[in-house]
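Report on the structure given below.
Just so it is clear, none of the values below were taken in a lab; they were calculated from the coordinates. Note that the structure is a prediction, hence the values are computed from the model and not measured. Neighbour counts are summed over all protein chains in view; Cβ atoms, including those assigned to glycine, are modelled from backbone coordinates with ideal geometry.
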Ligand SMILES: Cc1cc2nc3c(=O)[nH]c(=O)nc-3n(C[C@H](O)[C@H](O)[C@H](O)COP(=O)(O)O)c2cc1C
């Protein structure tokens, strides 16, 4: 199925514990043109897990295309999850809008995922990966995308063959993290393999990995020829990276946010979370994200420490405004 929206240029990567509704809202405002929930266990959905349902919820204000990412290793279970999520009829999680896509996780390196044959382990089982995509495409009402790596380890780089298989199985777009599973989050990005993958398929390909500035994004696009970039860690505490890259793409200058703007944005993100989860849970769950917003601000070390024990909005506000 062709993507029913423009090919994304600057996308927000799925990140467990990070890319919730509040953070997606802030990133969308800054120009992210495709956003993805954190990974949702298809198996947990099969067992009607309520907590999982919350992670999969989309909100009516999510105006830019937003995908729900699922992970698993059983085609039928994955198809069942995709069917319910794509129609927004999953019990315990009746989202007001449908996702733009169902994204399949084939990149997660975490042992608790890969040791179950899920996430990046699928790179070692291309036939199973293909079966999963075919089953999910059949079941889903919306296009299906795949987020993959370039292989399991340096000895088994398989990005081109794997990408072609995903395209043949019906994937509408690929996101490729330019590392192997063994490369986790630190090996150098393999630009050449990303370029070969982009050249080998007709569907759009987004390049992912190690983009922290507009210059990184430019280099990624120039060296790989990919259609767009997807950004993960570079957006943590710095959602302005999307605006920075967009400005560079359009030949405009970019003014970085002031300390006051950073503080206001962090507080707004916190207010969105509190409105959804309540004050105590909201503050506790956001402590890490709030601290990221302070990175690089002079004299912020004390504030970061103080945030780790804050449990009310007023406390956080006092600490941040003190900056
Ligand atoms: C905290 C964290 C959580 C992540 N969770 C997911 C996830 O749920 N699904 C997924 O496909 N990738 C996940 N990733 C990987 C990112 O989407 C991305 O591929 C990776 O961080 C490389 O991109 P970056 O260099 O821009 O961060 C996660 C990464 C981080 C740092």
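Miscellaneous remarks
- The order of 60, 6, 120, going from fewest to most other C-beta atoms within 10 Å of their C-beta, is 60, 6, 120.
- The packing ranking, built from the mean of other Cβ atoms within 10 Å per residue, places the peptides 63-70, 211-218 in the order 63-70, 211-218, highest first.
- Here the relative contact order of segment 259-321, from alpha carbon pairs under 8 Å that lie six or more residues apart, stands at 37 percent.
- Averaging the Cα positions of each part gives two centres, and for segment 290-323 and segment 1-74 these lie 28 Å apart.
- Shape category assigned to segment 10-249 from the gyration tensor of Cα positions, a/c cut at 1.5: oblate
- Cα gyration tensor shape of segment 70-167, rounded if a/c is under 1.5, else prolate or oblate by comparing a/b with b/c: prolate
- Potential lengthening between residue 186 and residue 218 on full extension [0.36 nm per residue; Cα-Cα distance subtracted]: 9.5 nm
- Exposure proxy ranking, count of Cβ atoms within 10 Å, fewest first, for 255, 7: 255, 7
- Relative to the longest principal axis of the Cα atoms of the chain, helix 240-249 runs at roughly 60 degrees.
- Anisotropy class of segment 259-321 from Cα gyration tensor, a/c 1.5 cut: prolate
- For the chain, relative contact order (Cα pairs under 8 Å, six or more residues apart, normalised by length) works out to 15 percent.
- Where only C-alpha atoms are counted, convex hull volume of segment 200-256 per residue in Å³: 79
- Taking the C-alpha atoms only, the angle from helix 279-293 to the longest principal axis of the chain is near 80 degrees.
- Counting all C-alpha pairs of segment 46-115, share separated by more than 21 Å (%): 24
- Segment 161-220 versus segment 89-136: alpha-carbon centroid distance in Å: 17
- The peptide list 297-307, 109-119, put in order of mean Cβ contacts within 10 Å with the highest first, becomes 109-119, 297-307.
- Tilt relative to the chain, helix 191-200 - C-alpha long axis, 0 to 90 degrees, to 10: 50
- Exposure proxy order (Cβ contacts within 10 Å, fewest to most) of 158, 226: 158, 226
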